[in-house]
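Quick notes on the structure that follows.
The values are calculated or read from the model by the stated rules, or taken from the named source; none is laboratory data. Everything numeric in this text was worked out from a predicted model, so none of it was measured. Here the Cβ positions follow ideal geometry from the backbone for every residue, glycine too, while neighbour counts run over all protein chains shown.
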Amino acid sequence: MCTFVDVMMFTYVCFLIGSRLIVQSLYLEECNNVLGMQSYEIPDEAISASSSHDEKTVGPQNARIRTELYGGAWCPKSVISKDSYEYLQIDFDKLTVITQVEVQGRFGNGKGKEYATHFLLEYQREDGGEWTRFRNKTGSEVFDGNSNTYITEVRKVSPPIIGKRIRLIPYSRYPRTICMRVEVYGCPWLDGVVSYDVRQGDKRGSEVDLFDFSYDGMIMDNYLTQGIGQLTDGEYGDTNFRLDKPGFGIKGYEWVGWKNDSIESGGPVEIKFKFNTVRRFSSVTIHSSNYFLKEIKLFQRAEVYFSIGGKYFLTDPIQYQNVQDSTLENARNITIPLQNGVGKYVKLKLYFDAKWILISEVLFQSVMLNGTFYPEEAHATEQPPVSTSGHLTQNKYPKIEEIDVLKPYGTDIVSTESINGQHTRASTKAIDEDYISIVIGTLSAIIVILVIIVVVVIVRLKRRRNSRRRTLMSATETSLALKLNNVHGSGNEKVSNGKMYKGLAIEDTETSKALLNGNVAGTCIKVTDPNKEKEGSLVVALPVDKDFGQKSFTITHHSLVNPMDKPPNYEAFYAAADVISSQNPDFLSLQGVSGNSIYAVPSAGLRLGMDHAVIEFPRENLRFVEVLGKGQFGEVHLCETLDVTEYIQDGNIAKKRISSRTLVAVKILQTDSDDRARADFEREIKVMSALSDPNIVRVLGVCTRGEPVCMIVEYMVYGDLNQFLLDHVPDTNMSVPKAKRLSYGCQIHMGSQIASGMKYLESLNMVHRDLATRNCLVGTNFTIKISDFGMSRTLYSADYYRIQGRVILPVRWMAWESILLGKFTTKSDVWSFAVTLWEILTFARDHPYEGLSDEQVIENAGHHNRNDNQQLYLPQPFLCPKEMYDLMLECWNRHESERPSFRDIHMFLQRKNIGYDSKNDTFNE
């Protein structure tokens, strides 16, 4: 039986959802009225054009849809191409929301042959303001037009345009004569907002950019000004802010969000609204997120300021104290009464109550006022006390927010009438005295702070210099106490020159260079003489230095120092992140131009000196599409190319369905790169061109004739696996009918292909070092190919932990020995594979160890190293069988020797997926 509390809770939820739907439906569903081209509600004098072939017969007044008048349409004088600029302009005489445009060619009673295949839109919001080119949510400007002279085509304008005038600009990729008839749909813009200024939103993790994507004003130093965007577009965000509700690949598009620590001095989010005229405001409604489990809460309190001129605001704001809800996470409308405040400008200050504030819509209730209004003076007058009730309060301590320091000295400020009829007069002399005092005080404080900073820097530098000198002098006597039971000195493993946790590093530039070039003379040896060293210690013999002689230091197994006390210094051993054998100097480390440290080659199974035929690719066949990522020495571009049949032998790479054009990834070396970067790029080409496996991307060709030097590699139809998973849901009885679904068999099929590709690398004793779903590409029939440029993509910047601002590590995917020792082997790739399989089975909905910070993940690696039963593992995914989770746990075994090989993993996954055929999968795209 339902209790009274249950009923009230249900009613409250229904109210929240219902109120939101009502507001949204009123705006979006009802704002599609015919604005009057066909009905002549828009008069002839409101329609103009840049030119007309003949003013009377095909002038702009004839551009009325479904109307045969004179010539039957508007026809511009010049031939239309992609570079022409002819337009049909419609003046609405007031702010109007445009949600749809309907276009038609010139029928001319059967004699017309002209129509526009495409068109653009421009709009003007304020008299005398700039004309703005419309872009839709995906950034496209071009609308599809007509394909004949008689059928009309309706095109949705999303986000909707808010303006007083609109221009339709015919567009054609090839020169042609066009004529147009049009109709416009929408409704009056009653809100009156013509612009708002606010700081751009922040990025949340690697997946969600809480930016104002549709903002149509200026962006200066990450500050939005003189435009409007998502806060006034009538689209309300979902409770789950990570949803891609519009379905075009941007999660949380409807939300704009700000992070507490990204605001200067931890202050509030400040939004300044400008209206078309002076108004009296009754309320403002803010649609806000309350996803408190993700550190997002309703704003704690709000302050609302009013202004006539927009430069100075009344100093006694209306304050609203919000009631926090820690029970329901529903996004909701919060309405703040504005007590009939008057102004042309309104400033909102929203104060944080958690790490994030997310809002998707701001709606004002107001009426326009007639009369003469004057802008405020520098000392704005305060309103009389407002009777407060509920959570509305009035500020007891008015203050001047801004001072006009640009007004000439000695001139008087004309007295103005405040909103409440009060008059004030102030002279700039008083203002200048206050200003001088403020400037003197500020400069004095700055000077004191600078002096303190200089002193601190000098002291720190002196201490560091002394510390380094003491370290060098006592290097031969120092013992390092570290719990490094797994440090070895043979094979292909790498010594880090003491730069580990609590390591006393011996700064030797030549040694570091030797390490990177694979020709270190010193080796690790086990000391057995008890009179010289304790048993079980390792001595690293470094090359002889002309000043200090031969140095050595010891690493003791019996340590009392916690290796997790501070993060490691990866400078020495992660510059290339290779597992290098000092006995095999031919196997040089490679760092990819895209930013990834690509495959390590510690085995003689694949020699870099071996030449592999790489086809010279015609540079003129490449057409730029977008930048996929940027690295230290170059970029990765997504390009279209033609005539690639001689390079491609399967249909899995990204071919467009309409044409024979193919998408490829192009790695580009910067033209100003030094010789070392060029040599690294050449080695990268040699290594990757030597790889031949159906589950690893192939090199299709190179462009070496001229600059820049490029390498062309495969790119798959559906992009990377991470985004592919996010666009799908599990195949269960609870799945949404029209959602893209993936079967469990398909997931295991994809994991099996990754294991197959890694088995091939394992056979060559090559190490990937960044295996994750972001580095896997998806083709037709769910084909998977392993790539290597995920690190370069800004989309995945949150997946990497930056060390000292330079080296970036995917610590959430790395084995403990890779994090702590810089040791990368095929067994550390096995660890990463298990995390990748975990991503697949969770549909990449969460980051690995989402509840931990990067530092805590590194600390967890220390627990794995010490095996102190405090180590954490990723949880078993929902709908994941125990046998699959057991496989993951085996891959996360502390001891490398006890982890399965990729050959075993591939065989296991194939056995568990017998009978699955991706071509016959119900959900095959």
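Quick notes on this one:
- Of all the listed residues (Q321, Q339, Q365), the sole one being of a type outside the set (F, W, Y), free of Cβ contacts under 8 Å to residues at least 60 places away in the same chain and surrounded by fewer than 21 Cβ atoms within 10 Å (Cβ to Cβ) is Q339.
- Only listed residue being closer than 19 Å to Y345 by Cα and of a type in the set (A, V, I, L, M), chosen from I228, I219, I178: I228
- Wholly within region 176-228, strands (runs of 3 or more DSSP E) carrying at least 1 residues that are within 23 Å of S283 (Cβ to Cβ): 181-188, 193-199
- Filter result for L887 (under 16 Å from S752 (Cα atoms) and either acidic (D, E) or at pLDDT 90 or above (or both)): yes
- Of the residues contained in region 210-223, one or more are found to be in contact with a helix residue (DSSP H, G or I) (Cβ under 8 Å, 6 or more places away or on another chain), under 23 Å from K156 (Cα atoms), surrounded by 20 or more Cβ atoms within 10 Å (Cβ to Cβ) and polar (S, T, N, Q).
- Of residues in region 141-192 being under 21 Å from F213 (Cβ atoms) and small (G, A, S), the one modelled with the lowest pLDDT: S158
- Whichever residue in region 657-711 is under 25 Å from E620 (Cβ atoms) and among the hydroxyl-bearing types (S, T, Y) and, among such residues, is modelled with the lowest pLDDT: S659
- Cβ-Cβ contacts under 8 Å between residues 6 or more apart (or on different chains), taken from a first residue in region 207-233 that is more than 20 Å from V193 (Cα to Cα) and free of Cβ contacts under 8 Å to residues at least 24 places away in the same chain to a second residue that is surrounded by fewer than 22 Cβ atoms within 10 Å (Cβ to Cβ) and charged (D, E, K, R), are listed as N222/R199.
- Being buried (at least 16 other Cβ atoms within 10 Å of the Cβ), touching a Lys or Arg at 6+ places or on another chain (Cβ under 9 Å) and farther than 12 Å from I357 by Cα holds for only one residue in N276, N260, and it is N276.
- Just so you know, in region 757-795 the residues that are among the hydroxyl-bearing types (S, T, Y) and surrounded by fewer than 22 Cβ atoms within 10 Å (Cβ to Cβ) include one that is farthest from I840 (Cα to Cα), and it is S763.
- G805 meets all of the listed conditions (1) at pLDDT below 90; (2) under 25 Å from I685 (Cα atoms) but one, namely (2).
- The listed residues are A861, A844, A834, and the only one of them that is buried (at least 16 other Cβ atoms within 10 Å of the Cβ), over 27 Å from the mean Cα position of the chain (by Cα) and among the small types (G, A, S) turns out to be A861.
- Residues in region 621-635 that are under 20 Å from Y796 (Cα atoms) and in a strand (DSSP E or B): V625, E626, V627, L628, G629, K630, G634, E635.
- For region 52-81, the set of residues classified as surrounded by fewer than 20 Cβ atoms within 10 Å (Cβ to Cβ), part of a loop (DSSP other than H, G, I, E, B) and either touching a residue at least 24 places away in the same chain (Cβ under 8 Å) or not charged (D, E, K, R) (or both) consists of H53, I65, R66, T67, E68, L69, Y70, K77, S78, V79, S81, listed by residue number.
- Cβ-Cβ distances below 7 Å connect no pair with a first residue in region 168-190 that is free of Cβ contacts under 8 Å to residues at least 12 places away in the same chain and crowded, with 23+ Cβ neighbours inside 10 Å, a second residue that is of a type in the set (D, E, K, R) and not in a loop (DSSP other than H, G, I, E, B), and a separation of six or more residues or different chains.
- One residue stands out among those in region 82-109 that are polar (S, T, N, Q) and touching a strand residue (DSSP E or B) at 6+ places or on another chain (Cβ under 7 Å): the one that is surrounded by the most Cβ atoms within 10 Å (Cβ to Cβ), which is Q104.
- Among (1) modelled with pLDDT of 90 or more; (2) surrounded by fewer than 21 Cβ atoms within 10 Å (Cβ to Cβ); (3) over 27 Å from C187 (Cβ atoms); (4) among the hydroxyl-bearing types (S, T, Y) - the single one Y115 does not satisfy: (2)
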